[in-house]
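Notes to accompany the following structure.
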Amino acid sequence: MVTIVNRAREVAETVTDPELPMLTLADLGVLRGVEVGADGTVVVTLTPTYSGCPAMAEMRSDVHRKLTGAGYPDVEVRTALHPPWSSDWITERGRRKLAEHGISPPGEAPAAAGPVPLTLAPPPRRIACPHCGSAETEELSRFSATACKALRRCTACAEPFEHIKEI
């Protein structure tokens, strides 16, 4: 038997990310929870990829619109900043979809030793090209179309690609 909360979660899980439309918010790990209050209000919790993410307003609006369109009249979308989002929360399905669309998925996020990790040198990890698989790639820009992506180029096949940064 499908409960109200399970059905509401199924609906919320279909909302796609406005900046990475091949991913759902669930694939991205941004959808943190769906609950139904005693008064019947569906409460959805989202955690942004970073606190200044400009796509959050669109995500909240899309979740609200999708749930009200599915027949839930009272919907509340909350933002939770703790725990902070980690690129480790991207699902295997999400990582596969990123690679299929020419975007290099992140590796394992660095362990934070304190509240704000300090990196004085670029990470030694090699980023594989999503087009040809070569690890011979270079960073062209630390930022790409969004702050959570970097622009890279493969020196083997010369194709540019975006890489989701490890956070």
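Keeping to region 144-165, report how many residues are at pLDDT 90 or above and assigned to a loop (DSSP other than H, G, I, E, B).
Residues flagged as at pLDDT 90 or above and assigned to a loop (DSSP other than H, G, I, E, B) within region 144-165 amount to 5.
Looking at this structure, is Ala99 modelled with pLDDT under 95, outside any loop (DSSP other than H, G, I, E, B) and surrounded by fewer than 19 Cβ atoms within 10 Å (Cβ to Cβ)?
So Ala99 passes the test.
Restricting to region 34-82, name every residue that is in contact (Cβ under 8 Å) with a residue 40 or more places away in the chain, farther than 22 Å from Lys97 by Cβ and surrounded by 13 or more Cβ atoms within 10 Å (Cβ to Cβ).
Listed by number, the residues that qualify are Leu67, Ala70, Tyr72, Ala80.
So which residues in region 48-77 are farther than 17 Å from Leu20 by Cβ, polar (S, T, N, Q) and either assigned to a loop (DSSP other than H, G, I, E, B) or modelled with pLDDT under 95 (or both)?
Once the filter is applied, which keeps residues that are farther than 17 Å from Leu20 by Cβ, polar (S, T, N, Q) and either assigned to a loop (DSSP other than H, G, I, E, B) or modelled with pLDDT under 95 (or both), region 48-77 yields only Ser51.
The values are calculated or read from the model by the stated rules, or taken from the named source; none is laboratory data. Not measured: the values here are computed from a predicted model. Don't worry about glycine lacking a Cβ; one is built from the backbone with ideal geometry, like all the others, and counts go over all protein chains shown.
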